[in-house]
Amino acid sequence: MTARRVAALADVHGNAPALEAVLADVERAAPDLVVFCGDLTWGSLPRETLALVRALEIPARFVRGNADRAVLELSAGAMDEPHPREHWMLQQHADADLALLSTFEPTVTVDVDGLGATCFSHGSPRSDEECVTELTPSERVHEFMAGRHERVVVTGHVHLQYGREVDGIRLVGPGSVGLPYHGAPGTAYWALLGPGVDLRQTSYDVEQTVSRMRETGDPTVERIVELMLRPPSRDGSRGRRAPRLRRLDLQIDRTRAAQESCSLDRIR
């Protein structure tokens, strides 16, 4: 598949107002394709999120994230003793929604103008739970790219926006649309690819969004609200969750735990 320009959107996490604002900017940018890089609906407003996706007129492809996979596993009864939020999350997905999630792909490869073959993944090309950041050791980058021909890789899962090159492999983190782990409240992150890489930000009304989310009955909505109103900084200097998130951003890539899960993005 080829495209002149591609919008990469990751980790929406059921934040429909943030997605709506981003899609308005995406439509103005007029890419040929939108690639959703996983964890689309796992959040407080999954139905509203899917309604926006279904109304999108630009062609789209979908990468399966670990949270998307979790919804399908819940529907199949594959999870032992689901938590209250997991029960609630499954109830928010109709059969048609589950059918859509079941079509999501492990990775998507697009030949992007100016960039060539580009791999869109969630965690990494080999795992939807692998954490990839700007500090990931080059050895691990070569490990997860073994056998792949693409020289540009778009990854989500860590909810951090970044760009980096490792031995001729370009890594792009578009950031999180709906639940970023850095930056100012009410900021959604995404990327536009082709012919270069443009890391973008879109503002939305976070206070109004929080009010909507609190009306949904989401059992753990206050934990989500805390992250939305007090996003951690990259250096871990703000917020109760910041030290844990700093370990995610800085320490996971100092280990050899290539398949370690970043569990914060599927809050139960």
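Tell me, which helices (runs of 4 or more DSSP H) wholly within region 13-126 include 2 or more residues that are of a type in the set (D, E, K, R) and within 15 Å of the chain's Cα centre (by Cα)? Break it down into steps so the answer makes sense when it comes.
Details: elements: 16-29, 46-55, 66-75, 84-91, 95-101.
Per the criteria, 66-75.
Please pick out the residue among Pro185, Pro125, Pro82 that is at pLDDT below 95, in contact with a helix residue (DSSP H, G or I) (Cβ under 7 Å, 6 or more places away or on another chain) and closer than 28 Å to Pro46 by Cα.
Working: Pro185 fails: at pLDDT below 95; Pro125 fails: at pLDDT below 95.
It is Pro82.
Which members of region 163-182 meet the condition of being more than 14 Å from Cys37 (Cβ to Cβ), assigned to a strand (DSSP E or B) and touching a Leu at 6+ places or on another chain (Cβ under 8 Å)?
Gly163, Arg164, Glu165, Arg170
When you go through Arg268, Arg247, Arg256 one by one, which is the residue that is at pLDDT below 95, part of a helix (DSSP H, G or I) and exposed (fewer than 15 other Cβ atoms within 10 Å of the Cβ)? Reasoning before the result, please.
On the way: Arg268 fails: part of a helix (DSSP H, G or I); Arg256 fails: part of a helix (DSSP H, G or I).
Going through Arg268, Arg247, Arg256 in turn, the sole match is Arg247.
Tell me, which residue of region 214-233 that is under 19 Å from the mean Cα position of the chain (by Cα) and crowded, with 18+ Cβ neighbours inside 10 Å is nearest to Arg85 (Cα to Cα)?
Val221
Can you name the number of the only condition in (1) surrounded by fewer than 16 Cβ atoms within 10 Å (Cβ to Cβ); (2) touching a residue at least 12 places away in the same chain (Cβ under 8 Å); (3) not in a loop (DSSP other than H, G, I, E, B) that His149 fails?
(3)
Quick check on this structure: which one of Ala3, Ala7 is within 15 Å of Gly175 (Cα to Cα) and in contact (Cβ under 8 Å) with a residue 60 or more places away in the chain?
Values: Ala3 fails: within 15 Å of Gly175 (Cα to Cα).
Exactly one residue qualifies, and that residue is Ala7.
Can you spot a residue in region 2-14 that is more than 17 Å from Ala188 (Cβ to Cβ), modelled with pLDDT under 95, surrounded by fewer than 21 Cβ atoms within 10 Å (Cβ to Cβ) and not hydroxyl-bearing (Ser, Thr, Tyr)?
For region 2-14, residues more than 17 Å from Ala188 (Cβ to Cβ), modelled with pLDDT under 95, surrounded by fewer than 21 Cβ atoms within 10 Å (Cβ to Cβ) and not hydroxyl-bearing (Ser, Thr, Tyr): absent.
The values are calculated or read from the model by the stated rules, or taken from the named source; none is laboratory data. Every value quoted in this text rests on a predicted model; they were computed, and no experiment measured them. Because the Cβ atoms are built from the backbone with ideal geometry, glycine has one as well, and the counts that use them run over all protein chains shown.
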